[in-house]
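Beneath this line is the structure, given in structure tokens, with notes to follow.
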Amino acid sequence: MAQKIITGNQAVAYAVKLARTQVISAFPITPQTTVVETLAEMWAQGEYTGEFVSVESENSALAYCIGAAYAGARAFTATSSHGLAYMHELLHWASGARLPLVMANANRALGAPWCIESDQIDSLAQRDTGWIQFYCSSVQEILDTVIFAFRLAEEVRLPVMVCYDGFYLSHTYEAAAIPEQPQVDSFLPAPARKPAFDIDNPENRHGLVSAEAMARLLNVRYRATEMAGEKYELLDQEFYRAFGRSYEAVEYFGPKQAGTLFLTAGGMAQTIKSFLTVPGREEALLRVKQFRPFPSAGVRDILSCSHVERVIVADRNVCMGVGGIFAQEVRAALYGLPHPPQVIELNLAGGVDLTPEMLEKALAAAPGYAADEKIMWAVELL
């Protein structure tokens with residue numbers, strides 16, 4: 001296993017190559033561009049031997065992957081922001097057809113106005129399309145999660161979106177362990193060569209159905225998504241045996257009896273971990289890696305402990321009129337508890353940078369935070 005200094009985008013490219021992906025459909029958009037540039041370079045140098053297809057739009061990129069997956073190929077694409085929004089209709093078609101696609105998304109704000117900062121609303125706006133979603137907090141985790149995503153997608157027959165912070169992780173260099181090909185093959189077997197279609201026995205797929213048939217199919221997909229949550233822990237254990245690294249769907253960091261917890265997803269977790277390692281800190285962190293299906297039971301088990309008084313949810317997104325999306329999920333997970341902890345939103349929508357000074361100010365303001373106050377806006381703490 002070789003150590004290399006690479007960016008998050010390069011980590012995606014290494015993982016895609018190691019996964020023996022057969023089809024890559026590429027269209028660049030900031031800050032994802034160097035994913036497909038790195039893969040194109042690998043293809044030009046003969047390091048990647050699958051099909052590398054440049055298309056004219058993000059919509060076409062996903063359409064090509066859908067066709068490849070129908071034909072039985074292991075397929076991948078990457079995007080960000082408005083590119084992901086442009087794919088929206090086809091996201092439904094991919095999940096409805098139970099196609100095991102993997103897509104990387106470098107989180108970036110949506111206009112208007114134009115903004116290229118790291119806001120998670122691009123992927124969170126797609127939360128009801130039926131894709132499994134993971135949020136990564138380091139370059140190493142991005143590489144590992146892409147490999148993991150192919151295995152999970154093919155086992156549960158659902159597409160997977162691997163999300164990470166634009167620029168904070170997409171363009172930041174970190175040391176990462178690059179697995180050897182036999183290691184990856186032991187965890188993720190080479191894709192089957194059997195085509196999905198038989199030209200001697202033509203068939204029609206996904207034509208017009210009745211409401212009753214549609215309802216049954218949606219029920220099956222719902223159960224498959226639930227199974228993906230259950231399957232995650234088992235595959236994570238297997239991943240640890242193969243690579244020596246593990247990523248819990250809900251990670252706890254800090255003292256066990258902490259009264260105040262921060263909760264977040266993505267690269268902000270690293271900032272909070274660094275903040276909590278200062279001597280004398282008594283708070284803890286709950287990092288949510290898996291967003292769909294949301295690990296409600298894991299979040300509820302930790303936050304229902306009697307010593308937890310409050311949870312400060314750092315959200316880099318906002319649902320207009322409601323608030324942070326992860327905060328919504330936390331409140332839903334805690335619903336019904338006799339004495340739930342206070343949920344406080346620290347909202348960094350638009351890509352506002354999270355700093356130790358901001359965390360200090362949030363902690364100082366938390367005791368006076370009233371229940372009817374919906375959001376503590378990070379931009380007002382600058």
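The values are calculated or read from the model by the stated rules, or taken from the named source; none is laboratory data. Predicted model only: the values in this text are computed from it and were never measured. Cβ sites come from the backbone with ideal geometry, for glycine too, and all protein chains shown count toward neighbours.
Structure summary
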| quantity | calculated |
| --- | --- |
| Residues that are on the phi > 0 side of the Ramachandran plot and touching a Ser or Thr at 6+ places or on another chain (Cβ under 9 Å), drawn from region 81-116 | SER81 |
| Scan of region 25-43 for residues that are of a type in the set (Gly, Ala, Ser) and surrounded by 24 or more Cβ atoms within 10 Å (Cβ to Cβ), ordered by number | SER25 |
| Residue list for region 108-143, filter: crowded, with 21+ Cβ neighbours inside 10 Å, among the β-branched types (Val, Ile, Thr) and in contact with a Pro (Cβ under 8 Å, 6 or more places away or on another chain) | ILE132 |
| Neighbours by Cβ (under 6 Å, 6+ apart or cross-chain): first from region 73-94, closer than 15 Å to VAL55 by Cβ; second of a type in the set (Ser, Thr, Tyr) | PHE76/THR21; THR77/SER25 |
| Subset of region 271-295 [closer than 18 Å to ARG310 by Cα and of a type in the set (Lys, Arg)] | LYS273, ARG281, ARG287 |
| Condition met for ALA211 (touching a Phe, Trp or Tyr at 6+ places or on another chain (Cβ under 8 Å) and of a type in the set (Gly, Ala, Ser)) | no |
| Leading residue by the ranking (farthest from THR355 (Cα to Cα)) among those in region 277-299 that are of a type in the set (A, V, I, L, M, F, W, C) and surrounded by 19 or more Cβ atoms within 10 Å (Cβ to Cβ) | PHE294 |
| Residue match in region 98-107 (condition: surrounded by 15 or more Cβ atoms within 10 Å (Cβ to Cβ), among the basic types (Lys, Arg) and within 17 Å of the chain's Cα centre (by Cα)) | no |
| Which listed residue is buried (at least 19 other Cβ atoms within 10 Å of the Cβ) and under 24 Å from TYR164 (Cβ atoms), from SER95, SER60 | SER95 |
| Subset tally (residues that are small (Gly, Ala, Ser) and either free of Cβ contacts under 8 Å to residues at least 40 places away in the same chain or not assigned by TED's automatic domain parsing to the domain that holds VAL343 (or both)) for region 252-264 | 1 |
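Residue-by-condition table, conditions (1) farther than 19 Å from GLU174 by Cα; (2) of a type in the set (D, E, K, R); (3) not assigned by TED's automatic domain parsing to the domain that holds ALA228:
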{"residue": "GLY266", "(1), (2), (3)": "no, no, yes"}
{"residue": "THR271", "(1), (2), (3)": "no, no, yes"}
{"residue": "SER274", "(1), (2), (3)": "no, no, yes"}
{"residue": "PRO279", "(1), (2), (3)": "yes, no, yes"}
{"residue": "GLU283", "(1), (2), (3)": "yes, yes, yes"}
{"residue": "LEU286", "(1), (2), (3)": "yes, no, yes"}
{"residue": "GLN290", "(1), (2), (3)": "yes, no, yes"}
{"residue": "ALA297", "(1), (2), (3)": "yes, no, yes"}
